[in-house]
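Encoded as structure tokens, the structure appears first; notes follow it.
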Amino acid sequence: MYLSRLILNPRNRGVLRELAEPYEMHRTLMKAFPKGQSHEERDAEDAVGLLYRIDREHDTIGVLVQSRAAPEWGWLAEQTDSRGCSYLARPVESKLINVEVAADQVLTFRLRANPTKRLSADKGSTGKRVGLYTEEEQLGWLQRKGGQHGFRVLQSQVRSDGKIKNGNAIRRDDGVHDLELLSVQFDGVLQVADPDLLIRAVEKGIGSAKGFGFGLLSLAPAHA
């Protein structure tokens with residue numbers, strides 16, 4: 001897989017628009033893969049496997065981009081807005097990575113996710129997903145995902161980033177509706193239970209709304 005780090009220019013109007021509407025950022029990032037396709041199931045042969053996460057630290061706006069296909073970022077370095085402000089604040093850093101983990105290995109992690117649950121039929125909303133708003137529910141969601149994806153959560157901090165809203169994003173038979181997604185960032189320590197499942201989770205992402213910057217699981221060695 002390929003891992004790229006973009007540092008965005010906060011004065012660029014396009015950047016400001018995409019921070020407010022993350023799916024527009026997804027559209028921009030996909031332009032780095034002119035021959036590939038973005039498939040929700042991420043199993044198609046020509047799927048680029050795009051996952052990304054916006055990481056803000058102090059005055060720096062970083063975007064971590066993971067992909068199965070090799071990105072072509074040269075065009076983005078030339079992008080400016082109507083005032084001449086560049087899209088990027090620095091050149092893009094990109095590298096090829098090979099994810100290797102071992103059973104019982106302890107790793108630090110970061111995951112920005114959209115924790116949800118599906119309402120049961122007896123509540124009259126079969127199939128509808130709703131956000132999980134309490135820290136207890138969010139940590140429970142993370143523990144369940146760990147069980148599904150080959151890891152045990154040893155410790156985790158939760159940071160709620162509020163809601164992402166995208167107008168007229170959902171089309172149904174009864175009309176067009178706004179989309180609201182709950183943004184939660186988990187930082188912590190995990191232990192590998194099933195290496196193959198965990199590597200697949202890194203490759204495919206965890207949870208829903210991946211086109212809005214959710215699901216990218218970052219791992220790093222845990223230092224004693």
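One table, with the values for the structure above:
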read-out	value
Approximate spin-label separation Val106-Glu180, in nm, with each point projected 7 Å along Cα-to-Cβ	4.0 nm
The stretch 2-96, relative contact order [Cα under 8 Å, separation at least 6], %	44 percent
Distance in nm between pseudo-label sites at Val189 and Arg129 (7 Å out along the Cβ direction from Cα)	3.1 nm
Cross-link table Lys117/Lys165; Lys31/Lys95; Lys31/Lys145, entries beyond 24 Å C-alpha to C-alpha	Lys31/Lys145
Gain on full stretching of the segment that runs from Leu96 to Leu197 - 0.36 nm per residue minus C-alpha separation	34.3 nm
Estimated inter-spin distance, Glu57 and Arg159, nm [label 7 Å along Cα→Cβ]	1.0 nm
Of Ser82, Phe186, Gln105, farthest towards positive along the dipole that unit charges on Lys, Arg, Asp, Glu beta carbons give the chain	Ser82
Order of Val189, Val48 under a 10 Å beta carbon neighbour criterion, fewest first	Val189, Val48
Neighbour-count ranking [beta-carbon atoms within 10 angstrom, fewest first] of Trp141, Trp75	Trp75, Trp141
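Bear in mind these aren't lab numbers, they're just calculated from the coordinates by the rules spelled out. Computed from a prediction, not measured in an experiment: that's the story for all the values here. We place every Cβ from the backbone using ideal geometry, glycine too, and count neighbours over all the protein chains shown.
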